[in-house]
Amino acid sequence: MTKISILGCGWLGFPLAKALLSKGFSVNGSTTSTEKLAVLENAGIEPFLIALSENKTTGNVTDFLENSEILIIDVPPKLRGSGTENFVSKIRNTIPFTEKSSVEKVLFISSTSVYNDDDAFVTEETIPKPDTEGSKQLLETEKLLQSNINFKTTVLRFGGLIGEDRNPIKFLAGRENLDNPDASINLIHQEDCVGIILKIIENDVWNETFNAVAPSHPSRERYYTQKAVDLDLALPKFNHKNPSIGKTILSTKIETVLNYTFTKPNL
């Protein structure tokens, strides 16, 4: 039985762990919350209390990685606000533990925010030009992991994450003067996030980089207006005075290399 360690059993990591268990994998999962240890254990996940900081990694990381073949890093950086952390240092501190462990393959959950908004179609061949501190650190972390010869690293760049309990319209409803009404959305449903990760593991696809967003790209105004109607929320209002800027992320490589079919293509 292959063992997989998931660093960060949160909104995505927890359902991913349960999906892996259903496929016959053994799963270790980390959390920073003492209260969640029992939740993980009750789901059949071996729980570990692990916290990352810029200066050190606390918790029993050695046992967390013991006998694991694959490590999934799903720890998002703090991308917004003035107190942006040194995310690169947080991940760098985990690498010595990984190097000494049985881990042969690393899957790093990144973001399409590493590409800037230049109103272009974006593929994995597009050179990332991050324009925020958080996205710059994500890209640097990708390179840090992919350059390590002790394990194979695949980078998975997700677009905006949505799910049954999570959609940006809940924050945009009723707001006015929203920018970029004509820009494309680049979102992906939680179910497809899990499905794509399972495909990478099942197909043993490593030392690769993938963009992952749903293939449907309606405009921000069209999508969020319809979502507001669907959920009986106040309609958002967009500012058409300024030109819209944005990007359209293409996930063709996901569909061709992994032979993956999106379960939620239209969101």
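The values are calculated or read from the model by the stated rules, or taken from the named source; none is laboratory data. From a predicted model like this one, the values you see are computed outputs, not experimental measurements. Neighbour counts run over all protein chains shown; Cβ positions are idealised from the backbone, glycine included.
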- Every residue from the stretch 103-133 that is crowded, with 20+ Cβ neighbours inside 10 Å, out of contact with any helix residue (DSSP H, G or I) (no Cβ under 7 Å at 6 or more places or on another chain) and not aliphatic (A, V, I, L, M): LYS105, THR112, TYR115
- Within the stretch 24-43, of all residues that are surrounded by fewer than 15 Cβ atoms within 10 Å (Cβ to Cβ) and more than 21 Å from the chain's Cα centre (by Cα), the one farthest from VAL61 (Cα to Cα) is GLY24
- Message: If the requirement is being in contact with a His (Cβ under 8 Å, 6 or more places away or on another chain) and not acidic (Asp, Glu), which of these qualifies: ILE162, ILE149?
- Response: ILE162
- Examine the stretch 192-203 for a residue that is touching a residue at least 40 places away in the same chain (Cβ under 8 Å), of a type in the set (Gly, Ala, Ser) and closer than 18 Å to HIS217 by Cα, and state whether such a residue exists. no
- Note on the structure: Taking the stretch 53-73 and the residues there that are surrounded by 22 or more Cβ atoms within 10 Å (Cβ to Cβ) and not aliphatic (A, V, I, L, M), the one that is nearest to GLY10 (Cα to Cα) would be PHE64
- If only one of GLU99, GLU142 is touching a Ser or Thr at 6+ places or on another chain (Cβ under 7 Å), at pLDDT 95 or above and assigned to a helix (DSSP H, G or I), which one is it? GLU142
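Only one residue in LYS237, LYS264, LYS247 is touching a residue at least 40 places away in the same chain (Cβ under 8 Å), closer than 20 Å to LEU16 by Cβ and among the basic types (Lys, Arg), so which one is that? Walk me through how you get there before you give the answer.
Values: LYS237 fails: closer than 20 Å to LEU16 by Cβ; LYS247 fails: closer than 20 Å to LEU16 by Cβ.
None of the other options fit; the residue is LYS264.
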- Within the set of pairs 6 or more residues apart or between chains, which connect a residue that is touching a residue at least 12 places away in the same chain (Cβ under 8 Å) and within 16 Å of PHE64 (Cα to Cα) inside the stretch 15-37 to a residue that is surrounded by fewer than 24 Cβ atoms within 10 Å (Cβ to Cβ) and acidic (Asp, Glu) with Cβ atoms less than 8 Å apart? SER26/GLU46; VAL27/GLU46; ASN28/GLU46; GLY29/GLU46
- Checking LEU198 against (1) under 18 Å from ILE72 (Cβ atoms); (2) touching a Ser or Thr at 6+ places or on another chain (Cβ under 6 Å), which test does it fail? (2)
- Query: So is ILE169 at pLDDT below 95 and farther than 28 Å from ASN55 by Cβ or not?
  - Reply: yes
- Any hit, the stretch 124-138, residues being part of a helix (DSSP H, G or I) and closer than 20 Å to VAL257 by Cα: no
